[in-house]
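As structure tokens, the structure follows; a few thoughts come after it.
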Amino acid sequence: MKIIKLVKSEFIKNYTVKKLVVIMLLLTPFCIGLTQLTDLWCNNVGNYENSHSVYRAHYEKLLQKENLTVEEQYELYYNKVNMETAQFLKENKVAANDWKVDVIRELTYALLDNYSIKILREHKNDPIIEAICNSENQYYYESRFSSAIHHTCTAYTDVEQDELVLNNVKLIDEYTYLLKEDKYYLYIQYLIDHDRIWKDDIDMAKFIIKNKVGNMNDYRALNYLLWTQLPITEIKKDEASWMNSDGPYKFPTYQDYVRYYTNVNKDTQSSQAILYYSSKHNIKHDLFFDKTTNVGQIDQYQYMTSKKIVDEVFYLPIIILIIVSVTSSGIVSAEHNKGTIKNIITTPIKRWKILLSKFIYLILHTYIIWIIGLGILSICAGVKYGFNDLFTPKLVYYNGNVIEVNYYLYLIKDLCIAGIPIIAFLSILFFISTVSLNTVLTTSVTTILAILPLILYYVCANFKTTFLFLTHLPFMYFIPGFIMTKQEWYTEIIKKTDMSLMSGVIISIITIVILYTITNIVYYKRDIKN
Amino acid sequence: MNQEKMGKFIAQLRVEHNYTQKEIGDKLGISDNSVSKWERGINAPDIYYLTTLAELFDVTVKELLNGERDFKKKEIDENHHEKVLEISHVSKKFGSRMILHDISLDIYEGDIVGLIGPNGAGKTTLIKTILNLYHTNKGTIKICGYDTKKNLEQALSKVGCIIENPDMYQNLSGRKNLEITALINGIKDKNYINQMISFVKLDTRIDDKVKKYSLGMKQRLGLANALMKKPKLLILDEPTNGLDPIGIKELREMLKQISRQENMSILISSHILSEIENICDEIVIIDEGKIISQFGIEEIKYKNRSLEEEFFLKTDKNDV
């Protein structure tokens, strides 16, 4: 009971409205930044700015010129078409793998083909045109213009050219219609009608048309696609496979190879089960596939949900640990320096209870900031991708089955477990504050420790096994997001070393027990001089 | 001191204890005529005889000088004889340097004891050792019978203190500071907090932040804070530091009032000997970590000496 009262008194002493507002002001831009970054990692909008500006520059330069040669006329048209298509892709934020990119490409080809034929017809007697057409070189590469003209006049007869023009005009109309309607299932229907679907993709095409999936990034389409593309068979883990695959270069020992692909296969099994479940029940999953997943470029085919943003809550400790270092390093030392510790030590409460109450306050303070961060992140996610996703169940693979659980309860459970390494950080802060009684020293050291995981992860990801002993230190687990959500760099370390949240919890508990015991012993024996 | 009244009281006591004047004279090594003169108020016994008479008649020197019994204390002494502080052979060192040497001191209920000594004598060290801020190297300290090592929580529940400056939480109001103390000490009665605020006369400023208080106000707040748990023993280390004469007078009045009303024992350490003289009943002089003298304030009054003179005499630091 006395401990509860002491904890309550810590809150009265340290919590003000002003402080909470400052914490929220620090967390909000971080959460907004995290939302945008996650969006960038998972979304795959193409970068059309460069190409657009290049084409535009050439176009404008040619436009200012008078008396253009035939080739220059072609170049002018070429740059105009490409500039306008790049503009379209940029304005509509089209993903690099989107169907509209393919349509635009074919539309461009059709337009340029027709223009080549137009130039041929209008400048038939031009000596340059004649020379290009009469060249015996099968592939005439002197310039883009020459290649286009040579190809047109050698590949098609006059009659065929007329047919090509008509077909291209029809194509341009059809593609323009598809782009205007902007419905993915209409495009798929077009491909089926023109017999341009791969045999393997027929089922998926029928699914898309049947469900009128309008967007290629629609979760229903991607669930289906991802499920079919993910490997069913596991990666073999025998010595022959090790020698034949990336070999000793990537995995210095056979054990490294086995460890890596055990983790890969475990992930594949659970991901596949969840994908199947989400396809079957027509619901969204929140899996993340990074570039190391062994299927093509599968990371391009995942969709965003609000839950993916909120899952980044496990990266919030990057800022939270710094906030806690700055606001709470004086948890013991400041009381000594200000002299207020006398008021507490002379109360009828033993020293270990006083220390315990301060430590509990520190933990609660950190968790409160984390929950506030969770709230802000949820709002950011909801504003960007809708709040509905946050109230749908989370799919979890457990004991060979996929189960639906309440998303926030599951998050809170994970926060409690993932918070144990954070408590290890707090025990270091508490230890330094109590033993040194120096707030400045505590703030400096703990701020460095808060940033240390970022540096250590970079070192471990970019150097080979030499530094992997670092993974046995508690610092590596201070940012649980590195282990719990899968980013490329970090997945590599985790697959090589068997790092997991549970290993982090064990190392952290040992750290907490040792440091807290030493802190208590030192404080108990101390004469309170201030 | 009323000589006549004292004389009558000595006579009364002699009769109560069935002594003749001659028997008293024999015990003291004086004539019965001398005893007669005392009883008639012609002469007064000196401190040696007063001490012996007090022992003989089971009263205090103070009572003899006042010419009457202090019945309240007598009642307590008879029924409980409560020691609120018992320091037995306490030693404390920092590193190899001995700061307190074999200190023994008892304080009884209702006593106001002044602890004086030169700078570095060990006054603050002794006080901090009593309050568990320092650990003893030897000896025991009991507060209201509870050993501070074995029953720390019970012992400290009987003590309130102000050590050097009363350090409060500057960014909180005076009221919030008192509420924190009340919370930690399990005091739920909010009226009690208001009573304390009124007692120290901080009603109009209690909701201001402590950083805006004057030193006198901080001292009063510190006193209210120390009194929150209704202690049996109040320990004040240099409570008048930085106070102006009005502040000192106010503090003195408050301390006397508390001691009278609550029968609270007070241990005050101070450099301002005149204030100690005005407030305290008993004086303890400490020098170089040892108690070199302990006496009632009436003794020096009887000797017509000031405390300052007594202090310099005892500490042999007479640079007047």
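The values are calculated or read from the model by the stated rules, or taken from the named source; none is laboratory data. Being a predicted model, the structure only gives us computed values, none of them experimental. No Cβ is skipped: glycine too gets one built from the backbone with ideal geometry, and neighbour counts run over all protein chains shown.
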Please verify whether A:Leu164 is under 47 Å from the mean Cα position of the chain (by Cα) and under 30 Å from A:Val213 (Cα atoms), treating the condition exactly as stated.
no
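Please enumerate the residues belonging to segment B:191-214 that are in a helix (DSSP H, G or I) and either of a type in the set (A, V, I, L, M) or touching a helix residue (DSSP H, G or I) at 6+ places or on another chain (Cβ under 8 Å) (or both). Break it down stepwise before answering.
Initial filter on segment B:191-214 (in a helix (DSSP H, G or I)): B:191-199, B:210-212.
Scanning segment B:191-214 gives B:Tyr192, B:Ile193, B:Met196, B:Ile197, B:Phe199, B:Val210.
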When (1) in the same structural domain as A:Leu89 (by TED's automatic domain parsing); (2) free of Cβ contacts under 8 Å to residues at least 60 places away in the same chain are applied to A:Leu178, the one that fails is (2)
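Do we find a residue being more than 23 Å from A:Asp414 (Cα to Cα) and of a type outside the set (S, T, N, Q) anywhere in segment A:367-378? Before you say what the answer is, go through the steps one by one.
Let us first name the residues in segment A:367-378 that are more than 23 Å from A:Asp414 (Cα to Cα), namely none.
Checked against the condition, which is being more than 23 Å from A:Asp414 (Cα to Cα) and of a type outside the set (S, T, N, Q), segment A:367-378 yields no hits at all.
Can you pull out every residue in segment B:181-190 that is part of a helix (DSSP H, G or I) and within 13 Å of chain A (Cβ to nearest Cβ)? Before the answer, list the steps.
Initially, segment B:181-190 is screened for residues part of a helix (DSSP H, G or I), giving B:181-184, B:190.
Matches in segment B:181-190: B:Thr181, B:Ala182, B:Leu183, B:Ile184.
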May I ask you to list the residues in segment B:194-218 that are surrounded by 19 or more Cβ atoms within 10 Å (Cβ to Cβ) and within 14 Å of another protein chain (Cβ to nearest Cβ)?
B:Val210, B:Lys218
Exactly one of (1) outside any helix (DSSP H, G or I); (2) surrounded by fewer than 17 Cβ atoms within 10 Å (Cβ to Cβ); (3) hydrophobic (A, V, I, L, M, F, W, C) is unmet by A:Leu395. Its number?
(2)
Report, by residue number, each residue of segment A:84-109 that is buried (at least 20 other Cβ atoms within 10 Å of the Cβ) and more than 24 Å from A:Tyr303 (Cα to Cα).
A:Thr85, A:Leu107
Tell me which residues, restricted to segment A:318-351, are within 13 Å of chain B (Cβ to nearest Cβ) and among the β-branched types (Val, Ile, Thr).
A:Thr340, A:Ile341, A:Ile344, A:Ile345, A:Thr346, A:Thr347, A:Ile349
Are any residues in segment A:27-59 surrounded by fewer than 18 Cβ atoms within 10 Å (Cβ to Cβ) and either charged (D, E, K, R) or at pLDDT 90 or above (or both), and if so, which ones?
A:Thr28, A:Pro29, A:Ile32, A:Gly33, A:Asp39, A:Glu49, A:Arg56, A:Ala57, A:His58
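Please indicate, with yes or no, whether at least one residue in segment A:352-360 is at the interface with chain B (Cβ under 10 Å from one of its Cβ atoms), under 25 Å from B:Leu227 (Cα atoms) and surrounded by fewer than 16 Cβ atoms within 10 Å (Cβ to Cβ).
Scanning segment A:352-360, I find at least one residue that is at the interface with chain B (Cβ under 10 Å from one of its Cβ atoms), under 25 Å from B:Leu227 (Cα atoms) and surrounded by fewer than 16 Cβ atoms within 10 Å (Cβ to Cβ), so the answer is yes.
For segment B:142-159, enumerate the residues that are aliphatic (A, V, I, L, M), in a strand (DSSP E or B) and either free of Cβ contacts under 8 Å to residues at least 24 places away in the same chain or touching a Lys or Arg at 6+ places or on another chain (Cβ under 7 Å) (or both).
Within segment B:142-159, just B:Ile143 meets the criteria.
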Give the residue that is nearest to the chain's Cα centre (by Cα), with candidates limited to residues of segment B:160-180 that are in contact (Cβ under 8 Å) with a residue 40 or more places away in the chain, facing another protein chain (nearest Cβ under 7 Å) and outside any loop (DSSP other than H, G, I, E, B).
B:Cys161
Those residues of segment B:134-153 that are surrounded by fewer than 21 Cβ atoms within 10 Å (Cβ to Cβ), more than 7 Å from every other protein chain (Cβ to nearest Cβ) and not hydroxyl-bearing (Ser, Thr, Tyr) come to a total of 10
Inside segment A:157-168, can you point out the residues that are in a helix (DSSP H, G or I), exposed (fewer than 13 other Cβ atoms within 10 Å of the Cβ) and not acidic (Asp, Glu)?
A:Val159, A:Leu166
Among the listed residues A:Ile309, A:Ile298, which satisfies the condition of being within 24 Å of the chain's Cα centre (by Cα) and at pLDDT below 70?
A:Ile298
Applying the selection to segment B:104-136, what residues are hydrophobic (A, V, I, L, M, F, W, C), in a strand (DSSP E or B), more than 21 Å from B:Phe312 (Cα to Cα) and in contact with a helix residue (DSSP H, G or I) (Cβ under 9 Å, 6 or more places away or on another chain)?
B:Leu105, B:Ile112
Considering each residue of segment B:48-59, count those that are under 23 Å from the mean Cα position of the chain (by Cα) and modelled with pLDDT of 85 or more, and give that number.
5
Test: residue in segment B:277-300 that is basic (Lys, Arg), more than 30 Å from B:Met6 (Cβ to Cβ) and touching a residue at least 40 places away in the same chain (Cβ under 8 Å)
yes
Going through (1) of a type in the set (Gly, Ala, Ser); (2) touching a residue at least 24 places away in the same chain (Cβ under 8 Å); (3) within 30 Å of B:Met98 (Cβ to Cβ) one by one, B:Ala224 fails only at (3)
List the pairs whose first member sits in segment A:2-25 and is under 12 Å from A:His365 (Cα atoms) and within 13 Å of chain B (Cβ to nearest Cβ), whose second member is part of a helix (DSSP H, G or I) and at pLDDT 95 or above, and whose Cβ atoms are under 6 Å apart, counting only residues at least 6 apart or on separate chains?
A:Val7/A:Ser357; A:Val7/A:Ile360; A:Val7/A:Tyr361; A:Glu10/A:Tyr361
